[in-house]
Amino acid sequence: MDENPDTPPDARYKGLLPANYRPKDFRRGLLAFKSPDGLHWSPMSDKSILADGAFDSQNLAFWDALHGHYRAYWRYFTKGGYDRKEVWNPQGHRAIRTATSKDFLNWPDQHDLYYFDSPSEQLYTNQVKPYHRAPHLLISFPTRYVERGHNDGPDHEARASTGPQRTRHWSPSLRALPELEHRLSRAKGSERYGRALTEGLLMASRDGVRFKRWNEGFLRPGIERKGTWNYGHQVIGWQRNRHTKCFNACHPVVVQQVGHAKVHHLANQFVAV
């Protein structure tokens, strides 16, 4: 729901939709939609509102009440390759870009996120949102993407399908992870589907551009068991829900959906998963 107090009734809900420019054109843009009830939607413009990005992940926008503008976050690649008309071949690291807008249609002020003391890493989703107890702080639970078990170089992505001629060179530690047969099957579609891992991180910002990122996994893959330590594991949800159970004399609790688990927030602490 749009929390802008001046939003008209027919635009109480707003959303972003990625779309190719036209059939067989791999370039993408973000379209803006509005709705009075969250069920019936209509476009806000006949053209894309954002065009410089990959937009192949979760694209978020929300009203920043503290600064009186909308803020959007989306994915791009540090070395481009996602803006070619006839081929999708992004290069470099997955990264996050942001912009602000007064009307949800014009986004002139665009910036790549900056991290004070963290290296460039593959960040899949961003999940940025004002912290409900201190809205001057933005918290984020991005997903870190890591390819492992190969000797192709730190920035190599094995997008091609593969078979035993490649997978037999996977490292012993990768082959020892759960469900090897399932990994090998996934690699037939794209090798990275079999050898990539993901985990949830935590980062925070006061201005929406410069972030403190804690490099240790916030929600790690955990105990090795079926359905874990794979590509797409540990993707933290964006929404928060009020929880009805009592924790510590029934102080208010907020729940963050985390795949099949929930992180319970008590006061200003993360207390249980």
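Each value in this text was obtained by applying a stated rule to the coordinates, not by laboratory testing. Predicted model, so just to flag it, every value in this text is computed and none were measured. All Cβ positions, glycine included, derive from the backbone under ideal geometry; neighbour counts span all protein chains shown.
Below, the figures for the structure above:
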| item | result |
| --- | --- |
| Gyration tensor (alpha-carbon) shape descriptor, the stretch 1-112, a/c threshold 1.5 | oblate |
| Note, ³J(HN,Hα) from phi for the stretch 129-138, Karplus 6.51, -1.76, 1.60, rounded to Hz, x at Gly and Pro | 7, x, 6, 5, 8, 8, x, 6, 9, 9 |
| Trypsin sites (Lys or Arg not before Pro) within the stretch 1-109: DSSP coil, no more than 13 neighbouring Cβ in 10 Å | Lys24, Lys47, Lys79, Arg84, Lys85, Lys102 |
| At R0 = 41 Å, FRET efficiency that the Cβ-Cβ distance of Gln110 and Lys188 yields, to 0.05 | 0.60 |
| Neighbour-count ranking [beta-carbon atoms within 10 angstrom, fewest first] of Phe141, Phe33, Phe116, Phe218 | Phe116, Phe33, Phe218, Phe141 |
| Derived scalar couplings ³J(HN,Hα) [the stretch 192-204; Karplus, 6.51 cos²θ - 1.76 cosθ + 1.60; whole Hz; x for Gly, Pro] | 5, 4, x, 10, 7, 10, 9, 8, x, 10, 10, 8, 8 |
| Whichever aspartates and glutamates have a C-alpha closer than 13 Å to that of Lys14, once near sequence neighbours (fewer than 8 apart) are set aside | Asp2, Glu3, Asp37, Asp103 |
